[in-house]
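The values are calculated or read from the model by the stated rules, or taken from the named source; none is laboratory data. If you're wondering where the values come from, they're calculated on a predicted model, not measured in any experiment. With ideal geometry, Cβ positions are generated from the backbone for all residues, glycine too; neighbour counts draw on all protein chains shown. Please note that ligands, DNA and RNA were not included when accessible areas were found on the heavy atoms of the full protein model with its side chains. Shrake-Rupley method; radii C 1.70, N 1.55, O 1.52, S 1.80 Å.
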Amino acid sequence: MVAIIDYDAGNIKSVEKAFQFLGQEAEATRDREQILKADKVVLPGVGAFGDAMEKLSQYRLIEVIREAADRGTPFLGICLGLQLLFDRSDEAPGVEGLGVLKGEILKIPEKEGLKIPHMGWNSLEFPRAGRLFQGLEKNPYVYFVHSYYLRAAEEGIVTAEADYGVQIHASVEKGNVFACQFHPEKSGETGLKILKNFAAL
């Protein structure tokens with residue numbers, strides 16, 4: 001079973017539907033036991049970093065997420081879910097992230113000709129092999145919606161990058177923890193393949 005953590009953020013339903021489309025049993029939940037006994041755990045989300053951390057705290061999900069990641073359960077953060085897994089974000093100074101992975105979330109710098117938020121299709125580069133991207137063509141296009149981007153503290157965990165006036169760490173993998181800044185559930189066949197690879201772990 002794929003447990004999709006429900007903390008009132010946007011995009012939870014579409015992630016649940018994408019896994020169900022792939023034939024996976026998937027359910028949005030904030031029940032501690034259900035999350036901890038799941039085969040896979042997904043932290044999706046669209047919204048603001050500070051509000052999201054407040055909701056996770058309100059629903060007592062912070063320790064549950066850390067415990068699920070520590071147990072070795074395959075864990076996937078999507079969009080805001082990726083950002084929350086790290087230490088801090090420019091979007092919410094003074095608010096601590098989950099700290100499951102080391103790094104910070106920075107504001108995409110203003111640049112002539114580039115709109116912020118970064119919204120639309122962008123190609124990926126793969127600096128190192130990632131299990132989520134097995135069987136994909138070189139430089140596939142995926143769908144992004146974000147104003148902040150990840151700078152991971154450990155280069156070695158970065159499995160995909162994108163360029164949008166700045167080098168974006170678009171996906172990371174460390175042990176059982178995976179995360180994508182882009183939206184696989186909105187990225188057509190490429191995105192479904194990525195979710196399928198995760199479900200098969």
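This table checks each residue for (1) at pLDDT 95 or above; (2) aliphatic (A, V, I, L, M); (3) open to solvent by 60 Å² or more (accessible area, probe 1.4 Å).
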{"site": "G113", "(1), (2), (3)": "no, no, yes"}
{"site": "F126", "(1), (2), (3)": "yes, no, yes"}
{"site": "R131", "(1), (2), (3)": "yes, no, yes"}
{"site": "S147", "(1), (2), (3)": "yes, no, no"}
{"site": "T159", "(1), (2), (3)": "yes, no, no"}
{"site": "V172", "(1), (2), (3)": "yes, yes, no"}
{"site": "L195", "(1), (2), (3)": "yes, yes, no"}
{"site": "L201", "(1), (2), (3)": "yes, yes, yes"}
Query - Odd one out for E110 among (1) under 21 Å from D90 (Cβ atoms); (2) of a type in the set (D, E); (3) without any contact (Cβ under 8 Å) to a residue 40 or more places away in the chain; (4) touching a strand residue (DSSP E or B) at 6+ places or on another chain (Cβ under 9 Å) - result: (4)
Query raised in the report: Quick check: anything in region 22-33 of a type in the set (S, T, Y), open to solvent by less than 80 Å² (accessible area, probe 1.4 Å) and over 18 Å from the mean Cα position of the chain (by Cα)?
Result: no
Requested in this report: Can you run down the residue pairs with Cβ atoms below 8 Å, 6 or more apart or on separate chains, where the first is in region 6-21 and closer than 14 Å to V41 by Cα and the partner is modelled with pLDDT of 95 or more and among the polar types (S, T, N, Q)?
Outcome: D6/T29
**Report entry** Any chance E110 is in a loop (DSSP other than H, G, I, E, B) and over 24 Å from V41 (Cα atoms)
**Finding:** yes
Query raised in the report: Of these, R32, R66, which one is in contact with a helix residue (DSSP H, G or I) (Cβ under 7 Å, 6 or more places away or on another chain), basic (K, R) and touching a residue at least 12 places away in the same chain (Cβ under 8 Å)?
Result: R32
**Report entry** From L76, L84, L101, L106, residue being farther than 18 Å from I35 by Cα, buried (at least 21 other Cβ atoms within 10 Å of the Cβ) and out of contact with any Ser or Thr (no Cβ under 6 Å at 6 or more places or on another chain)
**Finding:** L101
Query raised in the report: Can you name every residue in region 37-66 that is outside any loop (DSSP other than H, G, I, E, B) and touching a Lys or Arg at 6+ places or on another chain (Cβ under 7 Å)?
Result: V64
Query raised in the report: Does any residue of region 47-63 turn out to be open to solvent by 20 Å² or more (accessible area, probe 1.4 Å), of a type in the set (D, E) and closer than 18 Å to H169 by Cβ?
Result: no
Query raised in the report: Looking at (1) under 26 Å from Q24 (Cα atoms); (2) without any contact (Cβ under 8 Å) to a residue 40 or more places away in the chain, which is the one condition that is false for L80?
Result: (2)
